[in-house]
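In what follows, a single structure is set out as structure tokens and then discussed.
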Amino acid sequence: MQIEAEAPVTGPPHVQAAGVEIDDVDVSFGSVAALRGVTLSVAPGEIVAVVGPSGCGKSTLLELVCGLLEPDAGEVRAQPAALMPQRDALLPWLSAIDNAGLALRVAGASRAVAREAAHEHFAAFGLEGFERARPAALSGGMRQRVAFLRTLLAGRPILCLDEPFGALDALTRLQMQRWLADALEREPRTVLLVTHDVEEAVVLADRIVLLSPRPGQVLEILDVGLLRPRARGERAVVELRERALEILVADRSDDGAAKRPSS
Amino acid sequence: MTAAIGLLALLGGWEALVRLGGVDPLLLPAPTQILQALWEDRALLAPDLWTTTYEVVLGLAAAVLAGAALAVAMHISPALRRALRPLVIGSQAVPVPVIAPLVILVLGFGLAPKLLLVALVCFFPITINLYDGLRAADPDARRLLSSLQATRWQALRLVEAPAALPAAFTGLKVAAAVAVIGAVFAEWAGAERGLGHALLTANGQLESARAFAATLLLFLLAIALYGACALLERRVVDWTPRGGSGRP
């Protein structure tokens with residue numbers, strides 16, 4: 001995949017508007033508590049990974065930041081983020097280029113304008129020649145790249161990525177992690193990245209938030225502080241990964257019996 | 001291929017049965033006699049075929065418009081859904097042969113009662129399939145559009161309606177298959193032309209071969225209508241395996 005240097009997709013976002021403040025939020029669905037007392041502050045341009053077991057409320061956290069949900073307690077201060085859902089949510093009846101331009105169409109742009117805007121980035125995203133292809137004809141990695149382009153073209157300073165590589169095979173996932181790191185280097189955004197893959201978090205993020213199983217509470221926030229690009233085999237990466245896993249596993253074994261049914 | 005052979009075998013057996021005196025041709029004409037009547041009475045049957053086709057196609061079109069409007073209304077507004085659903089289901093509870101004479105009584109012998117009856121028979125499968133299709137749209141796509149601050153109308157136009165097209169076409173095909181039944185019952189209740197009317201008249205005159213010829217035309221009309229809908233589906237729904245191409 002060729003990545004070329006290019007001008008940003010949109011103008012530089014206003015600095016304050018690009019931060020995220022999550023202040024002691026609680027979220028419940030009926031009698032089920034999804035998040036409890038979560039506090040998190042994301043600086044503009046920072047990449048924060050949210051890691052935890054299934055059902056710990058990671059997706060709920062993203063929905064708060066995207067404005068899809070209101071907390072039952074506490075406050076979320078953020079511009080509405082652009083969401084990249086867990087499954088790419090590409091519309092099967094639209095071509096790749098029309099899918100990429102979806103955010104612009106929703107904002108009122110004509111199809112031609114949206115296509116032009118998307119077309120500029122197809123080569124850089126390794127999608128050249130696939131503009132007219134339907135999602136069914138694209139590989140998993142390509143679909144994620146189309147979905148990510150769509151997310152970028154929404155023109156928002158904050159991105160919420162919900163397990164973007166969860167549906168990919170292990171090899172493609174590694175490629176895509178590197179690709180995403182490069183893409184974000186060229187198009188810096190404030191990013192909240194949800195993943196269950198601790199290693200992915202260490203390779204991509206500036207900080208890692210570790211959540212407990214339901215109801216999701218912040219166990220710890222780790223500072224990664226490593227230079228990029230990072231290799232999974234690097235000692236520092238491996239150490240941090242192990243440390244994060246220890247924290248996650250320790251929490252489960254401590255009060256797994258008392259607290260909740262295993263998720 | 002096997003279907004064609006089977007059909008020919010059936011027709012051959014039928015022909016033999018009548019020719020060898022196993023059955024009175026007045027009751028059951030041979031296939032060759034039916035085809036002969038079809039040819040000889042073509043001046044009579046052609047205008048009737050046109051009339052019934054007209055009734056069926058217009059009635060189906062009316063059903064599509066009404067069905068789509070109902071399905072969208074029920075999908076968007078829970079209040080309308082509660083109000084309309086019992087009526088929609090109830091409309092199918094009364095058998096068409098019972099309703100047809102009442103409709104004729106009120107609306108007379110013209111085209112309108114026929115359209116109404118065809119539409120009545122056809123709109124239910126269209127409505128119910130489209131409604132279910134709208135509800136089944138990808139929830140991730142809906143959340144995505146919500147996060148982009150899309151309006152309700154945009155969500156319907158960009159995600160829910162296209163997602164519902166496969167289901168809508170299923171409903172359309174079912175409706176196409178039964179549309180002809182509606183037209184025939186309407187004509188039997190009161191008409192001056194049409195294949196259903198021709199069938200009744202031919203029976204009354206003991207012209208069995210002509211009656212069967214009219215029936216054959218009705219059968220072909222139904223098949224042609226269904227085929228046209230299936231063809232349209234293949235053109236429009238080209239992103240799933242049931243439609244055009246798609247990766248296996």
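Measure nothing but the geometry: give the 0 to 90° angle between the long axis through the Cα atoms of A:111-122 and the longest principal axis through the Cα atoms of chain A, rounded to 10°.
With both axes taken from Cα atoms, the answer is about 70 degrees.
Indicate the helices, whole DSSP H runs only, in chain B that combine a mean Kyte-Doolittle hydropathy of 1.0 or more with a Cα extent along their long axis of 20 angstrom or more.
Helices meeting the span and hydropathy rule in chain B are B:2-19, B:42-76, B:111-135, B:161-189, B:208-236.
Could you work out, residue by residue across A:82-91, how many beta carbons of other chains sit within 10 Å of that residue's beta carbon, and then give the average as an integer?
Counting Cβ atoms of other protein chains within 10 Å of each residue's Cβ and averaging gives 5.
Which percent, to the nearest 5, of DSSP beta bridges fully inside chain A are antiparallel?
50 percent
If we count other beta carbons within 10 Å of each Cβ, what is the order of A:Leu161, B:Leu8, fewest first?
B:Leu8, A:Leu161
Please figure out what share of the DSSP beta bridges in the protein assembly as shown is antiparallel and state it in percent, rounded to the nearest 5.
Close to 50 percent.
Which value results for Rg/Rh of the protein assembly as shown when Rg is the Cα radius of gyration and Rh the Kirkwood radius based on the inverse mean 1/r?
1.16
Once you order the gyration tensor axes a ≥ b ≥ c over the Cα atoms, which shape class does the range A:51-90 get: rounded for a/c under 1.5, otherwise prolate or oblate by comparing a/b with b/c?
Oblate, since a/c reaches 1.5 and b/c is not below a/b.
Roughly speaking, what is the centre-to-centre gap between the range B:158-225 and the range A:177-207 when only Cα atoms are used, to the nearest Å?
Spelled out, the Cα-based centre of one part sits 61 Å from the other.
Please compute, for peptide B:136-143, the average count of beta-carbon atoms on other protein chains lying within 10 Å of each residue's beta-carbon.
The shielding value for this peptide is 5.
Separation of the range B:28-98 and the range A:80-95 by C-alpha centroid, Å?
Taking the Cα centre of the range A:80-95 as reference, the centre of the range B:28-98 is 40 Å away.
Given only helices, namely DSSP H runs of n ≥ 4 each adding -39500 (n - 2.57), what is the per-residue ellipticity at 222 nm of chain B, to the nearest 500 deg cm²/dmol?
Counting only the DSSP helices, I get -26500 deg cm²/dmol.
Stick to Cα atoms and the Kirkwood definition of Rh, then tell me Rg/Rh for the range B:39-235.
The Rg/Rh ratio comes out at 1.08.
Enter the angle in degrees (range 0 to 90, nearest 10) between the Cα long axis of helix A:235-259 and the first principal axis of the Cα atoms of chain A, meaning the one along which they spread out most.
50 degrees
Looking only at GluC sites (Glu not before Pro) in DSSP loops with at most 13 other Cβ atoms within 10 Å, what is the longest site-free stretch of chain A?
A:129-263
Of the candidates B:Gly90, B:Gly133, B:Gly21, which one comes out as most mobile in a Gaussian network treatment of chain B with C-alpha springs shorter than 10 Å?
Top of the fluctuation ranking is B:Gly21.
Divide, for the range B:88-134, the radius of gyration over alpha carbons by 2.2 N^0.38 Å, where N is the residue count.
1.29
Given only helices, namely DSSP H runs of n ≥ 4 each adding -39500 (n - 2.57), what is the per-residue ellipticity at 222 nm of chain A, to the nearest 500 deg cm²/dmol?
Result for chain A, helices only: -11000 deg cm²/dmol.
Quick note: the coordinates plus some simple rules give every number you see, no bench work behind them. Keep in mind that this is a model prediction, so the values were computed, not measured. Methodologically, a virtual Cβ is constructed for each residue, glycine included, from the backbone with ideal geometry; neighbour enumeration extends over all protein chains shown.
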